[in-house]
Amino acid sequence: MSPAALLALAALACFPLASGADPLKSPECARSLAALQAARSASGQHDVPAARRQATQACLGGTGAPRRPSPTAQQPLEVPPPMIEVPAQPPTAVPSPPAPPPVAIERPPVVTSCDATGCWTSDGIRLNRSGPVLIGPGGACVSSGNVVRCP
């Protein structure tokens, strides 16, 4: 056989439309499609694999052997979800101790009233007079104006 004849036979085998018969209008295709519709109605499912495969072979031709996978069709890539790492918080500053209570400055007592023998101070102590000096419970006091400091 000549190479041209071999090519023509191969074309007829591979492409059924080239032979003049349209497989979509064949009685086998119509029967397969009717069987697919009946199977879908009976099962309530949209996809019935066996009936679908039979209708595909009858209407589109082919041997039913699995085709080679497309080089462009690939399994979807599984990408893990992103992991966001939160940076460690800088160590918090050690809280400063609470402020100490205000320092109470003790005001020196002042002379509130005096008589011939001594004076009374604002804190209720009696200071006896001994000449120009006032004597308190702990000894001689130093006075500066009306402020008195006693030991």
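Suppose each label sits 7 Å from its Cα in the direction of the beta carbon; what would the Val103-Arg53 distance come out to in nanometres?
Result for the modelled spin labels: 9.8 nm.
Tell me, what HN-Hα J-couplings in whole Hz come from the Karplus equation 6.51 cos²θ - 1.76 cosθ + 1.60 at θ = phi - 60° for each residue of segment 121-137, using x for Gly and Pro?
Whole-Hz 3J(HN,Hα) from phi for segment 121-137: 9, 5, 9, x, 9, 8, 9, 7, 9, 10, x, x, 9, 9, 10, x, x.
Within the set of other residues whose C-beta is less than 12 Å from the C-beta of Ser143, count the net charge using Lys and Arg as +1 and Asp and Glu as -1. Working shown, then result.
Values: positive: Arg129, Arg149; negative: none.
That sum, taken over residues with Cβ under 12 Å, equals +2.
Could you order peptides 90-98, 21-29 by the average number of other Cβ atoms within 10 Å of their residues, highest first?
The peptides rank, most packed first, as 21-29, 90-98.
With a 1.4 Å probe and all protein chains kept in place, how much accessible area does Cys114 have, in Å² rounded to the nearest 10?
Looks like 80 Å² after rounding.
The values are calculated or read from the model by the stated rules, or taken from the named source; none is laboratory data. Owing to the predicted nature of the structure, the values given are computational and were not obtained by experimental measurement. Every residue, glycine as well, gets a Cβ built from its backbone with ideal geometry; the counts of neighbours run over all protein chains shown. Heavy atoms of the whole protein, side chains included, go into the accessibility calculation; ligands, DNA and RNA do not. Shrake-Rupley method; radii C 1.70, N 1.55, O 1.52, S 1.80 Å.
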